[in-house]
Amino acid sequence: MGDVKAFLAVATAGGFREAARASGSSASALSDAVRRLEAQLGIRLLNRTTRSVVPTEAGRALVTRVNPAMREIDAALRHVVGLGNRPAGSLTLNVPISAARLILPQIVPAFLKAYPDIRLEIMTDETFVDINAAGCDAGIRYDERLEQDMIAVPIGPRLQRFASAASPAYLAARGRPAHPSDLLSHTCIRSRFAGRSVTPWEFERGHETLRVDPTPQLIVQAGGGSDLGVAAAIEGLGIVSLFETWLQPHFESGALEPVLQDWWPSFPGPFLYYSGRRLVPSPLRAFIDFIKARREGG
């Protein structure tokens with residue numbers, strides 16, 4: 001097992017010295033371990049030159065097959081260590097920027113105060129992510145973007161709305177839309193997810209649902225560019241559509257005014273999701289139990 005870990009460390013780091021710095025072992029000890037493994041298997045795993053260390057085809061195949069197993073072993077060991085003890089260790093969550101901005105601030109501080117021995121890392125990503133391949137323990141996504149074969153736990157508000165808004169100056173100059181179709185003659189600030197086209201805006205009222213695709217003057221990336229879109233709307237550059245809770249502070253300050261409020265569409269809140277095919281590490285179990293307790297407590 002130790003020789004396999006040494007090989008993985010070298011293959012991942014791209015060299016013996018780099019692996020030694022990352023692992024705390026000596027380069028010579030790692031080299032001896034890799035040689036023993038190659039001798040045991042009867043095949044070369046690394047091509048070594050004075051300038052580079054690169055896995056062979058067999059080495060790459062071994063990395064691909066062994067890495068998931070090693071993660072499972074590490075999770076099992078963390079699980080055993082955590083049994084009967086105060087939850088401790090690392091917890092890594094992959095979340096969209098909207099969750100990091102709107103949901104986690106109401107959860108994370110209290111969670112870390114309750115579990116001071118847990119080190120939490122939040123990775124923000126708006127794309128579809130294989131959380132296991134990304135080295136994450138769990139993720140947060142909305143229902144339509146959940147990975148398959150995952151256990152999902154509700155987190156945050158169970159009902160959210162998209163709101164549209166504009167500055168008082170813009171509305172004074174251009175007029176207030178009375179119907180979603182009126183947006184086609186307005187300047188709008190749109191967003192898109194990486195690698196995807198700009199999606200139409202959706203509106204609903206009662207049983208009526210409409211989709212409109214106004215021409216944008218400004219397009220920002222969903223999540224990371226949303227604050228820029230809001231800032232542009234505050235400066236009177238157009239109408240923006242975003243999570244209601246994201247825009248709420250600007251409604252309260254008067255910097256923005258609601259637009260087409262009767263047509264704002266609602267949608268289910270997000271979920272914390274994780275693999276059901278592996279042992280749940282104690283830090284993740286503590287986080288799951290924490291958000292469940294908050295929900296049951298109201």
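Fully extending the segment from ALA194 to ASP227 would add 10.2 nm, taking 0.36 nm per residue of separation and subtracting the current Cα-Cα distance.
Restricting the trypsin sites (Lys or Arg not before Pro) of region 1-68 to loop positions (DSSP other than H, G, I, E, B) with no more than 16 neighbouring Cβ atoms within 10 Å leaves ARG44, ARG51. In region 83-122, the portion of solvent-accessible area held by carbon and sulfur atoms comes to 53 percent [1.4 Å probe, whole percent, DNA, RNA and ligands not counted]. Each residue was assigned an accessible area with a 1.4 Å probe, and for SER181 the value is about 60 Å².
In this structure, LEU210 and ALA22 have a Cβ-Cβ separation that, at R0 = 51 Å, corresponds to a calculated FRET efficiency of about 0.40.
Each DSSP beta bridge with both residues in the chain is either parallel or antiparallel, and the antiparallel ones are about 60%. Just so you know, the averaged projected area of the alpha carbon convex hull for region 159-240 sits at 5.9 nm². For the pair region 142-207 / region 16-55, the C-alpha centres are spaced 52 Å from each other. For the chain, adding -39500 (n - 2.57) for each run of n ≥ 4 DSSP H residues and dividing by the number of residues yields -12000 deg cm²/dmol at 222 nm.
Residues within the reach of a label modelled at SER185 (point 7 angstrom out along Cα to beta-carbon, backbone nitrogen below 19 Å), restricted to region 199-235, are 211-217. A 1.4 Å probe run over the protein chains yields, for the chain, 53 Å² of accessible area per residue, whole-number rounding.
Mind sorting out which of (i) 42; (ii) 9; (iii) 24 is the real percent of Cα pairs over 34 Å apart computed from the coordinates? Evaluating percent of Cα pairs over 34 Å apart on these atoms matches (i). With R₀ fixed at 22 Å, the C-beta to C-beta distance from SER253 to ALA173 puts the FRET efficiency at about 0.65. Toward the positive end of the charge dipole of the chain, with +1 on the Cβ of Lys and Arg and -1 on the Cβ of Asp and Glu, the farthest Cα among VAL259, LEU8, PRO180 is that of LEU8. If R0 equals 41 Å, the separation of the Cβ atoms of THR49 and LEU120 corresponds to a calculated FRET efficiency of about 0.50.
The values are calculated or read from the model by the stated rules, or taken from the named source; none is laboratory data. Since the model is a prediction, treat every value here as computed from it, not as a measurement. Counting neighbours? That spans all protein chains shown, and the Cβs are built from the backbone with ideal geometry, glycine included. These area figures cover heavy atoms from the full protein model, side chains too; ligands, DNA and RNA do not enter into them. Shrake-Rupley method; radii C 1.70, N 1.55, O 1.52, S 1.80 Å.
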